[in-house]
Structures are given as structure tokens and as C-alpha cells.
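Peer 1: I have a structure I would like to understand better, so I am pasting it below and will then ask my questions one at a time.
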Amino acid sequence: MAIRNIESIRRMTARLRSDPHFKAMIARNNFATAASTAMVLDLNSRSQNDRHHYAAQWCEAEARGKWRRLIVERVRHARLDRVYFDFEYETDQKAFDDWLAAQGW
């Protein structure tokens, strides 16, 4: 890698480290995961994409601790994606699983 590229990367890293929005984003997503739930969905389907958004809305409204979601494309570009919901507290994950079961998902 050229020295100019390395210097450019260093400058960009320094800008990101000083950016308050970036710091807040890292702080919001930096927590120990106590429990996780995985959903397998076709996010190209409107109804299943809506399920994903409703689940995220539930987490926003009901989770007591921090939570995050991670969307992972399945192997070999399959139509289905795996969506992980990670929770800071195990009680949030259990309540989320109960809510998913009540929805029939």
C-alpha cells in the first residue's frame, strides 16, 4: 500500500474518532450480549420485511436494555436472510421470543 494511502486512512480514522455522532453510535452499540434471537426471513418479500420492521419497533418500545440487530445474508446468495436480534438482558430476549410466538412468527 502506498504511503499516501496509509496517511489518508490515518486522517480518516482521526476524523472518525473525533466525530461526536460516530462516538455516540459506537457507545449505543457497544454492550455485552446476554441473549440473542435469530429470525430467518426473505427481506425481498414485503410481508417478511414488514415483520423485520415490526420486530425492530417492538425492541424500540419494549426492550429495557440495549439491543441491536444484525442482518446476515445466507450462503450463496440465497433468498433468505438471517436477522439476529441481540439483547443486553436475557429477560428482553425471552419477552421478544414470547412476542414472536404470539405473532405466530
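The values are calculated or read from the model by the stated rules, or taken from the named source; none is laboratory data. As the structure is a computational prediction, the values presented were derived from the model and not from experiment. Cβ sites come from the backbone with ideal geometry, for glycine too, and all protein chains shown count toward neighbours. Side chains are part of the model used for accessible areas, which takes the heavy atoms of the whole protein and leaves out ligands, DNA and RNA. Shrake-Rupley method; radii C 1.70, N 1.55, O 1.52, S 1.80 Å.
Peer 1: Which residue pairs have Cβ atoms under 6 Å apart, sit 6 or more places apart or on different chains, and have a first residue in the stretch 17-35 that is farther than 18 Å from Phe96 by Cβ and a second that is open to solvent by 60 Å² or more (accessible area, probe 1.4 Å)?
Peer 2: Phe22/Leu16
Peer 1: Now, a different point. Which helices (runs of 4 or more DSSP H) sit wholly inside the chain and have at least 2 residues that are touching a strand residue (DSSP E or B) at 6+ places or on another chain (Cβ under 8 Å) and open to solvent by 80 Å² or more (accessible area, probe 1.4 Å)?
Peer 2: Values: elements: 3-18, 20-29, 46-62, 90-103.
Fully inside the chain and qualifying: 90-103.
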